[in-house]
1. Between HIS149, LEU221, VAL173, whose Cα lies farthest towards the positive end of the dipole of the stretch 142-238 when Lys and Arg beta carbons carry +1 and Asp and Glu beta carbons carry -1, centred on the Cα centre?
2. Need the list of aspartates and glutamates near LYS91 for cross-linking: C-alpha distance under 17 angstrom, and skip anything on the same chain fewer than eight residues off.
3. Return the aspartates and glutamates within reach of LYS187: Cα separation strictly under 12 angstrom, same-chain partners fewer than 8 residues apart disregarded; answer none if there are no such residues.
4. For a quick protection proxy, order the peptides 118-128, 209-219 by their average other-Cβ count within 10 Å, most packed first.
Amino acid sequence: MQKRDVGEVLLHRFLNEYGYNHGPVIAKAIVQDILETIQAFYPDRLPPKTINWLAVRIARKGQRKGLDARDLVAVRLVVITEEEMILLTNKKLRAARQARETFNRQRLVRWCFEAYEQGGVLMILDMAILTGLSERTVRRLIHSYEEKHDRVVPVRGTVHDLGPTVTHKVEVVRRWLRHESPADIAKSLNYSQESVDRYLDDFQRVRLLVQHFPLLDIPALANISASVVGQYVALLREYEPTLPFYQQEKTSRKTTNHDEKEAPLSTK
C-alpha cells in the first residue's frame, strides 16, 4: 500500500524517467513541494462524494505479479450514489435482511467498472480497505453478481490472469463452446482479444492431452494449474460427453484383457 501514493509515483519518475541525478533526498523534497502547491491551488478539485484511488494499470508490461510505480494509475470512484442509498432503505430488502448486502454488491461492482473505464483495475484488497469488509466477503459478493447476471466483473485477478479464480477463463471457453465467436466474447466480457485467444488455446491443448495421457499428468504437460485443468475437464464432460478420455480407454482395455484371460479357466 505504500507504493499506492502519488508521491511515490512522482519520486519514481524523477529518479528513473526525468534524468534527475541529485539523489532521492532532494527529489523527495521537490515532490513534497509540488504536492503541497497543488493542494494549495486546487483545494476543491475533487467533487463531493468522490475519492482518488491508485488502481493497477490495465496495460501492464509483461506478466509479472509484483507492482511498482509504473503499474499504477489514478482513478476517481464515487463513494455512493442515490440509487445505492435507496437500496439501504428499501423495505422489502430490509425485511429480508438483504439491504446492506445488496448495497455493498452494487457499489463494489460499480467501482470495478468505474476504474476499468479509467484504465485501471481494482484488487479485492482495495475494495476490502475501502469498505471495511473482509476480502472473503468482497470476493463472494462479486462472484454472486457474476453468477446472477452472467457477466464478468473486471477485478485485477481476472483481467491480469492472477490468483486462484478461474471463472473468467471458464466463461470464455463456455461461450465459445456455445458457438460465440472469439471477437464477440472479447467484446462482451471487456477482454483483450489476446487473452481470449490464449484461454481458447489452453483449452484446446487440454482437450488434446486428456485423450492421450492420465488426468493427473495434464497440468504439467499443459503448463496449466490443476484447478484450471479441472474446470476445463468439467466443460469437456458437459459439452462433449462422448470424448474418449485416456483413463477411460485404459480401464476399458484392462477389463477386456482380463476377461479374455479368465475365459479359458471358466470353460475348464
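FYI, it's all coordinate maths here, none of it is from the lab. Because the structure is predicted, anything quoted here is derived from the model rather than measured. Counting neighbours? That spans all protein chains shown, and the Cβs are built from the backbone with ideal geometry, glycine included.
1. HIS149
2. Correct list for LYS91: GLU82, GLU83, GLU101.
3. Output for LYS187: empty list, no partners.
4. Values: 118-128: 20.5, 209-219: 16.0.
Descending mean neighbour count gives 118-128, 209-219.
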